[in-house]
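Here, each number is a calculation from the coordinates, and none is a lab measurement. Quantities reported herein were computed from a predicted structural model and do not represent experimental measurements. Every residue, glycine as well, gets a Cβ built from its backbone with ideal geometry; the counts of neighbours run over all protein chains shown.
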Amino acid sequence: MRIGEILEAKSTRDVVTIRPDAGVRELLALLAEHNIGAVVVTSDGTTLEGIVSERDVVRRLHSDGTVVDNTVAAIMTTAVETCGPDDDLDEVMATMTARRFRHVPVVADGTVAGIVSIGDVVKHKIGQLQFERDQLDSYVHQG
Ligand code: AMP
């Protein structure tokens, strides 16, 4: 299955973004409002500059209680692993597992075209496995 098919199946293809100079309090408000775990960081709304997830806040909170007074730029990850709409789901899933992150932005023609989360991946993988199981079941019980 291709990443583009996953994007098409999502209820919204809008990617929630935040500017690097926004505050961490603003980030927390966005995460809560949209019920999501990570936000793409971009100054112009389309060019990817980083990704920031709830984990970036939580990990720093342990050693620095003032993290909420920082900017997003201070805590975001700038070396972002991305994928394209034609990439294979299994390969993206393997990267998420190996690198231990739950979000991969989809970039097409140099701009952010969507985001795939581990939740999207698991949902499609289960659908695929159920389909295969039903096919095998009807094959075994035919006639
Ligand atoms: P997550 O599991 O997605 O909440 O993120 C865990 C950590 O990996 C955080 O430090 C994120 O900033 C970082 N991260 C999340 N997604 C990516 C990605 N696609 N590429 C690089 N780092 C990421």
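Based on C-alpha coordinates, I'd like the Rg and Dmax of segment 3-140, in Å.
Rg then Dmax for segment 3-140, in Å: 16.9, 61.
Could you point to the residue in PRO85, ILE75, SER63 farthest towards the positive end of segment 1-103's charge dipole, with +1 and -1 charges on the Cβ of Lys/Arg and Asp/Glu respectively?
Selected residue: SER63.
For the chain, with the dipole built from +1 on Lys and Arg beta-carbon atoms and -1 on Asp and Glu ones, taken about the Cα centre, which of ILE51, PRO105, PHE131 lies farthest toward the positive end?
Towards the positive end, the residue furthest out is ILE51.
At what distance in angstrom do the alpha carbon centres of segment 115-143 and segment 1-70 lie from each other?
For segment 115-143 versus segment 1-70, the Cα centre distance is 30 Å.
What does the charge count near GLY4 come to, summing +1 for each Lys or Arg and -1 for each Asp or Glu among other residues with Cβ under 10 Å from its Cβ?
Overall, the nearby charge balance is -3.
With charges set only on the Cβ (+1 for Lys and Arg, -1 for Asp and Glu), what does the dipole of segment 86-143 come to about its Cα centre, in debye to the nearest 20?
Approximately 400 debye in magnitude.
Hey, in the GNM for the chain with a 10 angstrom Cα cutoff, which one of GLU33, GLU54, GLU91 fluctuates hardest?
Of the options given, GLU33 has the highest mean-square fluctuation.
How large is the charge dipole for the chain, taken about the Cα centre, if only the Cβ atoms of Lys, Arg (+1) and Asp, Glu (-1) carry charge, to the nearest 20 debye?
460 debye
Using only the alpha-carbon atoms, how far is helix 118-140 inclined from the longest principal axis of the chain? Give it as 0 to 90 degrees, nearest 10.
So the inclination is approximately 10 degrees.
In degrees between 0 and 90, to the nearest 10, how far off the longest principal axis of the chain does helix 54-63 point, with axes built from Cα atoms?
Compared with the principal axis, the helix lies near 50 degrees.
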